[in-house]
Amino acid sequence: MHQHVHMMAGPENDDGDTVVVTDVKPKTKRPPLYKVLLLNDDYTPMEFVVHVLERFFGLNHAQAFEIMLTVHKKGLAVVGVFSHEIAETKVAQVMDYARRHQHPLQCTMEKEE
Ligand code: TYC
């Protein structure tokens, strides 16, 4: 545990300086994690979304189909949780892949609480 030393001298203190030692909380914050979200739309084919989830998120077909259906019914779903750099890469890969195939599929990221 790290400590701070305080030297205190007061006018009405006749015994000289007083040493006060206080503990300092070790501040090693883990880096924040980011949720990658897939958004529903009316035009992107279901099979394309399933393919995207398999290709970029390492899901098997059943997992990918399940998440695709959740997005379709609820409007969005978390498809994974990653470091900032990995999340940014996934979002860029999905957005670029959708654009190249002329689908309006949207993918975003959001800091985890
Ligand atoms: N709603 C789309 C459809 O009915 C399917 C879809 C699912 C689109 C998930 C986007 O992220 C999405 N064809």
Summed residue charge, Cβ within 14 Å of Lys35's Cβ, Lys/Arg positive, Asp/Glu negative: -2
Gain in span if fully extended, Asp42 to Gln106, counting 0.36 nm per residue against the direct Cα distance: 21.9 nm
Cα-based reach from Lys90 at 18 Å (exclusive), listing lysines while leaving out same-chain residues under 8 positions away: Lys35, Lys111
Probe 1.4 Å - accessible area at Lys111, Å² to nearest ten: 120 Å²
Whole-Hz ³J(HN,Hα) from phi, Karplus 6.51 cos²θ - 1.76 cosθ + 1.60, for segment 70-78, glycine and proline x: 4, 4, 4, 7, 9, x, 6, 7, 7
Evaluated over segment 10-109, the Cα radius of gyration and Dmax, each in Å: 24.6, 83
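The values are calculated or read from the model by the stated rules, or taken from the named source; none is laboratory data. Note that the structure is a prediction, hence the values are computed from the model and not measured. A quick note on method: Cβ atoms are made from the backbone with ideal geometry, for glycine too, and the neighbour counts reach across all protein chains shown. Heavy atoms of the whole protein, side chains included, go into the accessibility calculation; ligands, DNA and RNA do not. Shrake-Rupley method; radii C 1.70, N 1.55, O 1.52, S 1.80 Å.
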